[in-house]
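See structure below.
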Amino acid sequence: MINIKTTNRYNITTLRSFMTIIFSLLAALVVISIIFLIAGVNPIFAISEIFSGSFGSYYGIKETITKAIPLILIGSGLTLAFRAKFWNIGAEGQMLMGAIFATWTGLTFGEALPSYIIIPLIFLAGFIGGGLWGIIPAILKIKYSINEVISTLMLNYICAEFLTMLIVGPWKGKERFGFPGTNNLPDSAILGLIPGSRIHYATLILAIICAIVLAVVIYKTRFGYEARVVGENPEAGKYAGINFLKTSLILMAISGGLAGLAGVGEVAGIHHYLGYPASISSGYGFTAIIVAWLAKLNPLYAVVSGIFFAGILVGGDAIQISLGLPAATVEIVNGTLLIFLIMGDYFLNNKITLRFSYGSKG
Amino acid sequence: MKKIQRLEMEAISKSFHGIHANKDINLCVESGEILGLLGENGAGKTTLMNILYGLYQPDSGQIKINGKTIQINSPVESINHGIGMVHQHFMLVQNHSVIENIALGYKDTPFFFPKIKIRDKVEQFSKQFDFHIDVTKKIWQLSAGEQQRVEIIKALLNGADLLILDEPTSVLTPQEVKELISILREMKAKGHMIIFISHKLDEIMDICDRVLVLQKGQIVGDADTKDTDKKSLARMMVGRDIVFNTTKEKLTKGKKNLSVENINVIGDKGLLAVNNISFELFKNEIFGIAGVSGNGQRELAEAITGIRPISSGKVKMNGKDITNKSPRYIYDRGVSHVPEERIRFGIAPGLFLYDNAILKQHHLKKFSKRYFLKYNQVKNHTKTIIKEFKVSAHSINSQIRNLSGGNIQKLILGREISEQPQLLVASHPTYGLDVGATEFLRKHLLDLRKQGSAVLLFSEDLEEIFELCDRVAVIFDGEFMAVLDSDDKRFSDIGLMMAGSKRI
């Protein structure tokens, strides 16, 4: 008989947590390789293709950075929520709500206002939209004890359908010639690109600033302290007199708000109009969960892990074309990585010992 | 025919981390007998029963059934031998019905249609012992007493001839206690044997034939209930006559600090945990609350400090109403709190030492400026606490979960005391500390008293209570049995008061 014994591990060194990440990624790669094999593709070739497609060429790098922008924004916002153990799975919806608010602002005021006013304005609108969508589950959780995983997830669908309703209905633009979608944003509300790329630099700069500010918020401020205490031990939070409602509202406003900013970037930087929800959010809200997790819930690391996962997205597109694999392949890769990262955490926090014993009956 | 006629435990010893939980314990029960196990919390009663139930292995000693030595490696084996245990916390699935819960734990439950097959059996048992239970009800719809009966049925169905009941009355209302006692008498008449764990003298005297008194893991008394009385049992349980210690400096008590007026507090189980308690606390005074833990101490402390709602009554601090105010509001009125379950309430385990050193105080001006925390001051403050309270930690930049329990406790105590509170609510502050740290802490409490603060001290350690306190209240079942000056001679009967059989 094998006895599995788990004990809490108290001394967690930086080296050990770093090695855990490396081994989790390696273990994930093994499983991903098996999946590639089943699909009839040489796994070593496929994996090297992913990385050469994303980081191996000038074009690949530009695309990677473009996709890293929303991942960094959402991912760093999620680090804050996850630190307080607020499981925000609703970044997709918050991002879309940001996009909706920004589009409305841009279409309504864009013609009349110069760029240097309208662009800050649409970012502000996007932050408010995402933030409002974020605080709904916070209220539901604190006031009515409704599980935030369910409510944030469901709010994604509500927002996506709401957006679809807008673009096929009242907001449908003449410029789309009958296809769903709004008119293009006026030129003043469109973000500038780094020449020869799709990198909307304003959002990129904003993303990096947000990650830095958030790191300061988490590690240096009273609010960050309270969020961390609540996340580590809610009972201690209660004992310490922390106001759960206020803390949750603020952190979800920030987390949702940053997702909203990502939505602004996608609309004003890439698409220039509000189209189908899947094309706007492209699953960034879910991928960002893995980004936050790989970053060990540190917003600064989220910049790095955001770029890493953007690379996998771009590389995934590359192997779709070169190896003829289905589009879902990337999602399989991402999902596998996340599962192994989370499992790695378990093995980091707990020591597992196997004991072989031969049962004796008295 | 019963499987067990006679069960013996011989010279059982068990230690955890070098501390004896049980030492050389001999115990014997026979068919048709109810044996009481009496002792304070931590006396080793539950450990002993867990050994019998197969949850722990003894370090030495043996268990015999009908004179034959047996080995019990797991609860399953224990059940096969005819031993059943009803834990203090019930092991039932809340969303399942009574019959489903019983089927779940029953060894002969058929794979198909389990409920139908065992239903008759359950109803037959139910009738036999007068259980009055609707087997189709869900567990969450039942009262604690009914849930306990489900547990008893489970044990009996599995053929338990020996039933162990761990503090069975702690969750019951007085009416339910009466019903339980009549069930136990019925079982006794049918030849079952019962081991009844309790710290309540009245119950022990009422239903047990024989009683073993445990203290610090050893048996200090063994008597037939008809040959003994509550008073001598109480003395055995407490273990000594109370020595009144008067080394502390005499101080005249100052102005009124805290006043508690007729408060009622509901406990976690939904029953009244604090029953109409009133008292006053003055500056330069340490007020002790003695009692076996679980008699409302935690709820009282939490109610005063704002963690638990007060259902009726008033609490005032320096004349200001603090009833049901937020913990922070109460803290800002000068009330510090060393919680009973320190690890659960007192720290955020994954955060650094210095983060934990300001928990509850981080909003104070000296640690924060506008939105930011002044980490330099915080770190210096942490260093001071660590030095002064001799917390051994290799760095203040390490997670507090790396510290031992004793050191975590010293840090919490340092944190709460160093702020010079006007009132310190301290629950078992020295529990688990070594001798040196205990002395050091007691000196600190006396210093606080001298400096004009008041201390509300909850403790099970009577020596500590009488060494430190000016006045002492004895709490039992949410009520004060007595409130006396600590040098009052009537405290010679404190054991009786703690066990609920004497009120002054």
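Points worth noting:
- When B:Arg328 is tested against (1) facing chain A (nearest Cβ under 7 Å); (2) farther than 17 Å from B:Asn402 by Cα; (3) buried (at least 21 other Cβ atoms within 10 Å of the Cβ), just one condition goes unmet, and that condition is (3).
- Residues in segment B:331-340 that are more than 8 Å from chain A (Cβ to nearest Cβ) and touching a residue at least 12 places away in the same chain (Cβ under 8 Å) were compared, and the one that is nearest to the chain's Cα centre (by Cα) is B:Glu340.
- Checking B:Lys374 against (1) without any contact (Cβ under 8 Å) to a residue 24 or more places away in the chain; (2) in contact with a helix residue (DSSP H, G or I) (Cβ under 6 Å, 6 or more places away or on another chain), the condition it does not meet: (2)
- Residue check, A:Ile22 in contact with a helix residue (DSSP H, G or I) (Cβ under 8 Å, 6 or more places away or on another chain) and in a helix (DSSP H, G or I): no
- For segment A:14-24, filtering for residues that are of a type in the set (A, V, I, L, M, F, W, C) and buried (at least 16 other Cβ atoms within 10 Å of the Cβ) leaves 1.
- Restricting attention to segment B:346-359, the residues that are within 8 Å of chain A (Cβ to nearest Cβ) and crowded, with 22+ Cβ neighbours inside 10 Å add up to 5.
- Taking the numbered list (1) buried (at least 20 other Cβ atoms within 10 Å of the Cβ); (2) within 12 Å of another protein chain (Cβ to nearest Cβ); (3) of a type in the set (Ser, Thr, Tyr) in turn, A:Tyr219 passes all entries but (1).
- Among helices (runs of 4 or more DSSP H) entirely within segment B:17-130, having at least 1 residues that are more than 16 Å from B:Ala155 (Cβ to Cβ) and modelled with pLDDT under 90 singles out B:45-52, B:98-105, B:114-128.
- Test: residue in segment B:286-297 that is part of a helix (DSSP H, G or I) and within 14 Å of chain A (Cβ to nearest Cβ): no
- Sole residue being modelled with pLDDT of 95 or more and under 21 Å from A:Asn243 (Cα atoms), chosen from A:Ile158, A:Ile135, A:Ile150, A:Ile128: A:Ile135
- Only listed residue being within 23 Å of the chain's Cα centre (by Cα) and within 14 Å of chain B (Cβ to nearest Cβ), chosen from A:Ala202, A:Ala240, A:Ala227: A:Ala227
- B:Gly319 being surrounded by fewer than 17 Cβ atoms within 10 Å (Cβ to Cβ), among the small types (Gly, Ala, Ser), more than 9 Å from every other protein chain (Cβ to nearest Cβ) and over 21 Å from B:Arg415 (Cβ atoms): yes
- Being surrounded by fewer than 13 Cβ atoms within 10 Å (Cβ to Cβ), modelled with pLDDT under 90 and more than 11 Å from chain A (Cβ to nearest Cβ) holds for only one residue in B:Lys369, B:Lys365, and it is B:Lys365.
- Residue among B:Glu77, B:Glu100 that alone is out of contact with any Asp or Glu (no Cβ under 9 Å at 6 or more places or on another chain), more than 14 Å from chain A (Cβ to nearest Cβ) and among the acidic types (Asp, Glu): B:Glu100
- If you go through segment A:339-362 and keep only what is modelled with pLDDT of 70 or more and not hydrophobic (A, V, I, L, M, F, W, C), you end up with A:Gly344, A:Asp345, A:Tyr346, A:Asn349, A:Asn350, A:Lys351, A:Thr353, A:Arg355.
- Residue in segment A:68-80 that is of a type outside the set (A, V, I, L, M) and at pLDDT below 95 present: no
The values are calculated or read from the model by the stated rules, or taken from the named source; none is laboratory data. Because the structure is predicted, anything quoted here is derived from the model rather than measured. With ideal geometry, Cβ positions are generated from the backbone for all residues, glycine too; neighbour counts draw on all protein chains shown.
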